[in-house]
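Taking it in order: structure first as structure tokens, then the write-up.
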Amino acid sequence: MKLQDKYNYDSAILGLNNQYIASDDGTFYVNHPCILIRDQTLIPDKTYLLISGFNPDGMSYLVVKFIDCYHDNVFLNIFLVDIHSKQSLKIQIDFNDTKNECPWILLDESSMKMVMDKVADQMEVYDYCMGGNGK
């Protein structure tokens with residue numbers, strides 16, 4: 001079942017602002033710092049990695065499948081299913097929030113490789129600065 005945006009005029013404004021576009025082919029363009037996926041396009045039934053809980057106690061991650069999303073005048077609601085537990089999840093984006101803080105990050109395989117490459121580079125720098133050989 002495809003969800004429908006409650007306020008279509010908001011979708012047009014968000015599209016003009018290059019923030020959110022619901023395409024006729026069922027994909028969703030979401031331009032937000034918490035969405036780190038190829039072409040910023042969410043594809044139904046595709047698998048992603050959801051990372052959350054950025055605090056001193058650590059973070060959690062789930063492998064999820066994207067189901068659908070819709071904009072309801074305040075939030076972009078993104079519906080996911082945890083691949084392992086089959087539990088339904090909902091995450092939200094507030095495009096009016098100017099802080100751009102991410103309580104969660106949604107990654108695809110290409111973005112995950114990019115992030116891991118950056119972490120590896122930083123670890124080499126750290127190792128070098130701590131007296132190692134950098135490799």
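Odds and ends about this structure:
- Yes/no for Y61 being assigned to a strand (DSSP E or B) and touching a Lys or Arg at 6+ places or on another chain (Cβ under 9 Å): no
- Scan of segment 70-86 for residues that are part of a loop (DSSP other than H, G, I, E, B) and either surrounded by 17 or more Cβ atoms within 10 Å (Cβ to Cβ) or not small (G, A, S) (or both), ordered by number: D72, N73, V74, F75, I83, H84, K86
- Test: residue in segment 60-67 that is of a type outside the set (V, I, T), closer than 17 Å to L107 by Cα and modelled with pLDDT under 90: yes
- Selection count, segment 30-52, where residues are free of Cβ contacts under 8 Å to residues at least 12 places away in the same chain and either polar (S, T, N, Q) or in a strand (DSSP E or B) (or both): 1
- Only a single criterion out of (1) at pLDDT 90 or above; (2) out of contact with any helix residue (DSSP H, G or I) (no Cβ under 7 Å at 6 or more places or on another chain) is not satisfied by L36, namely (2).
- When segment 87-128 is filtered for residues that are among the aromatic types (F, W, Y) and outside any helix (DSSP H, G or I), the ones remaining, listed by number, are F95, W104.
The values are calculated or read from the model by the stated rules, or taken from the named source; none is laboratory data. None of the values given here were measured: they were computed from a predicted structure. Every residue, glycine as well, gets a Cβ built from its backbone with ideal geometry; the counts of neighbours run over all protein chains shown.
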